[in-house]
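The values are calculated or read from the model by the stated rules, or taken from the named source; none is laboratory data. Computed from a predicted structure; not experimentally measured. All Cβ positions, even for glycine, are placed from backbone atoms using ideal geometry, and neighbour counts span all protein chains on display.
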Amino acid sequence: MERERKLTVAILAMLILVAVIAIVDISFKIEEKRSREIKLVMPDTGAGVGIVRVEGPIELSAPSGPFGLPSGAESIVKRLDALAKDSSIKAVVIRINSPGGTVAATQEIYEKIMKLRKKNIPVVASMGDVAASGGYYVAAACNHIVANYGTVTGSIGVIAYSPNLRRLFDKFGIQMNVIKSGKYKDILATHRDMTSEERALLQEMIDSSYGKFVKDIAAGRNMSESDIIKIADGRVMSGSTALQNKLIDQTGTFEDAVMKARELASLDEDSPVYEESTSPFNEIFGQLNRFMGNRNMPGSGMLYPVYKLEYRYMQ
Amino acid sequence: MNLEKFRSLSWADFFLYSLIDPRALYRRVKQKDPDAFWISFIVPLFESLSGILLLSLLGRESAFFYYKISYGWILVFLFTFIKILIYTSLVDVAAQFSGLKGNIRELITLMNFSMLPALFVLPAAYPFIVGDFVPLFFYVLFSLACFIWHILIIVQSISEMHTIEFGRAFLIYLMPAVVTGIILLLTGIMLVINTAGYISTFM
């Protein structure tokens, strides 16, 4: 009997031992997995290149989105401001992937970049898929422009548009009651034809904005206005054609643009690149911000025109 | 249980008889030397641990394992304890309905010891998990085998306890499961009917 008891105890001890081995085994596997997953990343420090991204249509939009986060041109200007104040930023690369946008928003960014240049911070533009019209306006402010061969750029010009729904209104027998203080108050009204006086007034605005566009490009590119006007008829062009027309300085990639920024700022080849911070919180609320901010009420822009002069490439 | 009793290894008899002779287990439990009631809870305690370890070994290991092996062990043990308590009570009720004498304390002890085969699933399935040789299949296979072994132990113990034949003891053991199953099935059907009726009022 004593022997059987000892054998039973041995079996129980074996069971406990297996459990302990299993615990140790699982713990080792977890630690092994952790060591594979966690990599020690040293934060970038020292003098380097700051990155600013101009994505999508450029608009000032609201001062801040529904979640209190800055959006549109305002956030870009704030980012540029922050980089200008940062002592470790010796050069800036502006990654542009935009068909342009509103005149005021584009000019705000342009002026901010010019201020950076005055502070002797070299600014390099890197064009993505599209950097046309207002997108090019922003690039023109930079010291150096790098575009891909296939980048769509150019489209130098100003545009304002509104649909003419008069015939549609007539068809359905819809009439608008308009009470206005002056004859131009409903200048881009969609329910009637535009008068020649209104057209002339808007054309004057367009011409004025166009003149400013050409002047600013000439100033930014260090070219004569007459040279710019030759190609500033709204035409779009590829990166390689833009190089021939001296609208850009070189064809290349984003990495080339970063290398050029380092070269202009006399930085080492491996100097750090400071991307825009993307905390998970900002990512989530940024997405919501853009989603909420881009929502328009159906038909709101149709009946009540939004007065927009745009440096924009119409795709 | 004092140290002398512990060193005599008389407590090991319960585990030994659980595996080799369930009828002798009941007779040994009845002797109350030592009292097997509290000792028997060692089995569900380690059965909970074994279950957690097996599922962790079969699943994806993460740092959550440390919570499972600490707080989780306590929770799983409590759940097992309640499960045993409820099912044993039902078996005892079923026995009393069959005209037998109720004996819940000894039945709980036997139920606890009858779970001993479940502890062998871990060492049996472990080589297949380490070797990554259809571990899930062998886990299910050994679990089923141990479950049948568990039923054999408890049914023989009940048979010995009430001095009844194996078949009747099996029915007593099975009755709560059948009744509970029927009740759950009817509850489920009624729940579906009620939910469908509730939803249809909005349509």
Hey, any hits in the range B:81-93 for a residue that's closer than 18 Å to B:S18 by Cβ, outside any helix (DSSP H, G or I) and either touching a residue at least 12 places away in the same chain (Cβ under 8 Å) or within 14 Å of chain A (Cβ to nearest Cβ) (or both)? no
Any residue in the range B:64-79 that is at the interface with another protein chain (Cβ under 10 Å from one of its Cβ atoms), surrounded by fewer than 21 Cβ atoms within 10 Å (Cβ to Cβ) and not in a helix (DSSP H, G or I)? yes
Condition first: closer than 28 Å to B:L16 by Cα, within 14 Å of chain A (Cβ to nearest Cβ) and modelled with pLDDT of 90 or more. Can you find one or more residues in the range B:100-115 that meet it? yes
For the range B:45-66, the count of residues that are at pLDDT 85 or above and either over 15 Å from B:A124 (Cβ atoms) or aromatic (F, W, Y) (or both) equals 11
If I ask for residues that are part of a helix (DSSP H, G or I) and among the polar types (S, T, N, Q), which ones from the range B:153-182 would you list? B:Q156, B:S157, B:S159, B:T180
Considering only the range B:1-24, how many residues are away from chain A (no Cβ under 12 Å) and either under 26 Å from B:T163 (Cβ atoms) or assigned to a helix (DSSP H, G or I) (or both)? 5
Condition check: surrounded by 12 or more Cβ atoms within 10 Å (Cβ to Cβ), more than 30 Å from A:S88 (Cβ to Cβ) and touching an Asp or Glu at 6+ places or on another chain (Cβ under 6 Å). Does A:I159 satisfy that? yes
Number of the exception - A:V214 against (1) modelled with pLDDT under 90; (2) crowded, with 17+ Cβ neighbours inside 10 Å: (1)
Out of A:K39, A:K29, A:K33, which single residue is more than 11 Å from chain B (Cβ to nearest Cβ) and modelled with pLDDT under 90? A:K39
Given the options A:T241, A:T190, name the one that is closer than 15 Å to A:A132 by Cα and among the hydroxyl-bearing types (S, T, Y). A:T241
Condition set among the hydroxyl-bearing types (S, T, Y), within 12 Å of another protein chain (Cβ to nearest Cβ) and in a helix (DSSP H, G or I), scope the range B:29-63, selection nearest to the chain's Cα centre (by Cα): answer is B:S48
Can you tell me which residues in the range A:10-20 are at the interface with chain B (Cβ under 8 Å from one of its Cβ atoms) and either among the β-branched types (V, I, T) or surrounded by 15 or more Cβ atoms within 10 Å (Cβ to Cβ) (or both)? A:I11, A:L12, A:L15, A:I16, A:V18, A:A19
One residue from B:A177, B:A145, B:A196 being at pLDDT 95 or above and of a type outside the set (S, T, Y): B:A145
Residue that is over 30 Å from A:G157 (Cβ atoms), within 14 Å of chain B (Cβ to nearest Cβ) and either in a helix (DSSP H, G or I) or modelled with pLDDT under 90 (or both), where the choices are A:L69, A:L7: A:L7
